[in-house]
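Peer 1: Here you go, one structure.
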Amino acid sequence: MPTSSEDAGSRSRSRVASGRPAVTKARIIDAALELSAEAGLENWTLRQLAAAVDAYPAVVYHHVGDRDTVVVAVLDRVVGQLTLPDETLPWRAWFTEFLPTVRAVLRRYPGSARRLALFGPSVAAAVPTMNTGIGRLLAAGFGGEAPFAYNLLLATACQFVAMEDDRESAMALQLDRTEGYAAYRTRTDLPGMAALGESVAALVADPDLAAGYYERLYGYAVERCLDGLEHRLGRLDTLGRLTER
């Protein structure tokens with residue numbers, strides 16, 4: 001009686017003989033990454049993934065694991081696409097260059113930002129980015145607050161991208177509310193709402209301006225976080241000098 005390994009080997013040989021590529025862990029993760037780009041990280045099933053590599057779900061489980069395990073592997077691939085700036089840059093310049101890359105990469109794979117905000121990547125995938133980013137903050141003088149500062153910036157980035165992903169999937173509801181806010185632009189008795197209404201009305205009137213709204217909002221959030229951390233760094237420097245006296 002043939003063993004399971006012999007049976008697996010015969011199936012692999014039959015795939016090759018028929019001209020079909022072998023099912024490997026790398027190929028499964030490649031397919032999952034492609035499905036995530038097309039439909040979103042949370043919108044494909046293990047059965048769909050198996051069909052994409054022309055195999056049974058049990059084969060996917062054998063090579064990679066359950067769906068959550070595949071998702072972790074996909075997120076690691078996503079994080080691996082991040083381009084790290086020159087590690088000799090000052091801390092603010094480093095993050096100013098790095099964080100737009102975070103948005104660009106995560107937007108290619110809807111749903112990845114939400115997962116990363118909640119759980120982060122695996123330790124191995126996170127090491128290059130975290131080591132360099134936290135290292136820049138340590139060099140700047142954040143001391144023991146460096147990991148908190150890093151997590152603040154990356155969590156903010158992921159949360160704003162996740163919001164963009166979610167709102168894009170509910171565009172009809174978003175447009176309905178947009179029109180409602182725009183109606184307040186003439187309400188002089190509600191100056192805050194009038195200002196918001198003017199802003200929203202400008203977006204409604206200019207498709208190009210509307211198309212870049214989330215990118216600008218993301219940039220604004222990032223810059224204000226950097227402003228706050230820069231202020232905090234000055235405070236830490238002051239406290240350090242007072243302690244030395």
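Peer 1: Sequence gap at least 6, Cα distance under 8 Å: using those rules, report the relative contact order of the chain to the nearest whole percent.
Peer 2: 15 percent
Peer 1: Next up: Simple spin-label model, 7 Å along Cα-to-Cβ: residue 131 to residue 224 in nm?
Peer 2: Between residue 131 and residue 224, the label points sit 3.5 nm apart.
Peer 1: Can you give the angle from 0 to 90° between the axis of helix 67-80 and the longest principal axis of the chain, with both taken from C-alpha atoms, to the nearest 10?
Peer 2: For helix 67-80, the angle is close to 60 degrees.
Peer 1: On to the next question. How many angstrom lie between the Cα centre of segment 88-154 and the Cα centre of segment 201-216?
Peer 2: Between the Cα centre of segment 88-154 and that of segment 201-216, the gap is 28 Å.
Peer 1: Using just the helices of the chain, give the 222 nm mean residue ellipticity in deg cm²/dmol: DSSP H runs with n ≥ 4 each add -39,500 (n - 2.57), and the total is spread over all residues, rounded to 500.
Peer 2: -25000 deg cm²/dmol
Peer 1: Could you tell me the extents of the chain's C-alpha atoms along the three principal axes, largest first, rounded to whole Å?
Peer 2: 82, 58, 24
Peer 1: In nm, give the distance between the simple-model label positions of residue 104 and residue 139, each being 7 Å from the Cα along the Cα-to-Cβ direction.
Peer 2: That separation, rounded to one decimal, is 2.2 nm.
Peer 1: Report the gain in length on full extension from residue 198 to residue 58: 0.36 nm times residue separation, minus Cα-Cα distance, nm rounded to one decimal.
Peer 2: The span from residue 198 to residue 58 would gain 44.8 nm if fully extended.
Peer 1: Taking 0.36 nm per intervening residue step and subtracting the Cα-Cα distance, what contour gain separates residue 96 from residue 82 on full extension?
Peer 2: This chain segment gains 3.7 nm when fully extended.
Peer 1: Something else about it: Order these peptides, 97-109, 178-190, by their mean beta-carbon neighbour count within 10 angstrom, highest first.
Peer 2: 97-109, 178-190
Peer 1: Mind checking the angle between helix 123-140 and the chain's longest principal axis? C-alpha axes, 0 to 90 degrees, to the nearest 10.
Peer 2: For helix 123-140, the angle is close to 20 degrees.
Peer 1: Additional query: Enter the angle in degrees (range 0 to 90, nearest 10) between the Cα long axis of helix 191-205 and the first principal axis of the Cα atoms of the chain, meaning the one along which they spread out most.
Peer 2: Helix 191-205 sits at roughly 50 degrees to that axis.
Peer 1: Next up: Quick one: grab Rg to one decimal and Dmax as a whole number for segment 95-152, Cα atoms only, in Å.
Peer 2: Considering segment 95-152 through its Cα atoms, Rg and Dmax are 12.2, 35 Å.
Quick note: the coordinates plus some simple rules give every number you see, no bench work behind them. Every value quoted in this text rests on a predicted model; they were computed, and no experiment measured them. All Cβ positions, even for glycine, are placed from backbone atoms using ideal geometry, and neighbour counts span all protein chains on display.
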